[in-house]
Amino acid sequence: MVLKSKDEKKTSPQHLINQKIPFEEVLLVGDGNEQANEIISKQKALKKAQEQDLDLVCFRSPDPDKKTLAVCKIVNYQKYLFELNKKNKIQKKTSQKTALKQIGLTFHIGERDLENKINQIRK
């Protein structure tokens, strides 16, 4: 069995992680426990992430027009992807439950059949 290093983890195309972040300065956003938002160099942020044995993930790239920084967070990236995938599956299930169904009616339908169709629609 071959173990993957931190930089060889399965990544999503929408996120940059660890050494793949090309920006020199980032806005490091804290999680629920840690409210400190600070502008630091990428190297310091990577060092903090390595100390906690977690990943530095870039969630938003900088916008040069608005002069914003890349927004990064220290998280367990594999756990984050798992939770994101789980959330998407739940959303798909709930959207499938609310999908509309079609029931066909013809001109020559019997009275009892019509009542059954109406009961199906109500359910």
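The values are calculated or read from the model by the stated rules, or taken from the named source; none is laboratory data. Keep in mind that what you see is a predicted model, and the values were worked out from it rather than measured. So basically every Cβ, Gly included, is an ideal-geometry build from the backbone, and we count neighbours across all protein chains shown.
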*Among (1) assigned to a helix (DSSP H, G or I); (2) modelled with pLDDT under 75; (3) among the charged types (D, E, K, R) - the single one LYS79 does not satisfy*: (2)
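Does LYS117 fit the bill of being at pLDDT 80 or above, more than 17 Å from LYS20 (Cβ to Cβ), surrounded by 10 or more Cβ atoms within 10 Å (Cβ to Cβ) and not β-branched (Val, Ile, Thr)?
In short, yes.
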*Candidates LYS86, LYS44, LYS92, LYS48, filtered to the one that is within 30 Å of ASN119 (Cβ to Cβ) and at pLDDT 75 or above*: LYS92
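Quick check on my filter: what residues within segment 16-47 are over 18 Å from LYS79 (Cβ atoms), in contact (Cβ under 8 Å) with a residue 12 or more places away in the chain, of a type outside the set (A, V, I, L, M) and assigned to a helix (DSSP H, G or I)? Show your work before the answer.
Let us first name the residues in segment 16-47 that are over 18 Å from LYS79 (Cβ atoms), namely 19-28, 35-47.
Checking which are in contact (Cβ under 8 Å) with a residue 12 or more places away in the chain leaves us with 19-21, 23-28, 39-42, 45-46.
Now narrow it down to the ones that are of a type outside the set (A, V, I, L, M): 19-20, 23-25, 41-42.
Selection gives GLN19, LYS20, LYS42.
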_Selection within segment 48-65 - in contact with a Cys (Cβ under 9 Å, 6 or more places away or on another chain) and either touching a residue at least 60 places away in the same chain (Cβ under 8 Å) or over 16 Å from GLN19 (Cβ atoms) (or both)_ = PHE59, ARG60
*So, of the residues in segment 1-15 that are at pLDDT below 70 and either of a type in the set (Gly, Ala, Ser) or surrounded by 10 or more Cβ atoms within 10 Å (Cβ to Cβ) (or both), which turns out to be farthest from TYR77 (Cα to Cα)?*
SER5
*Flag if THR68 is part of a loop (DSSP other than H, G, I, E, B) and either charged (D, E, K, R) or closer than 27 Å to GLN19 by Cβ (or both)*: yes
_The one condition in (1) among the β-branched types (Val, Ile, Thr); (2) loosely packed, with under 11 Cβ neighbours inside 10 Å; (3) closer than 30 Å to VAL29 by Cα that THR106 fails to fulfil_ = (3)
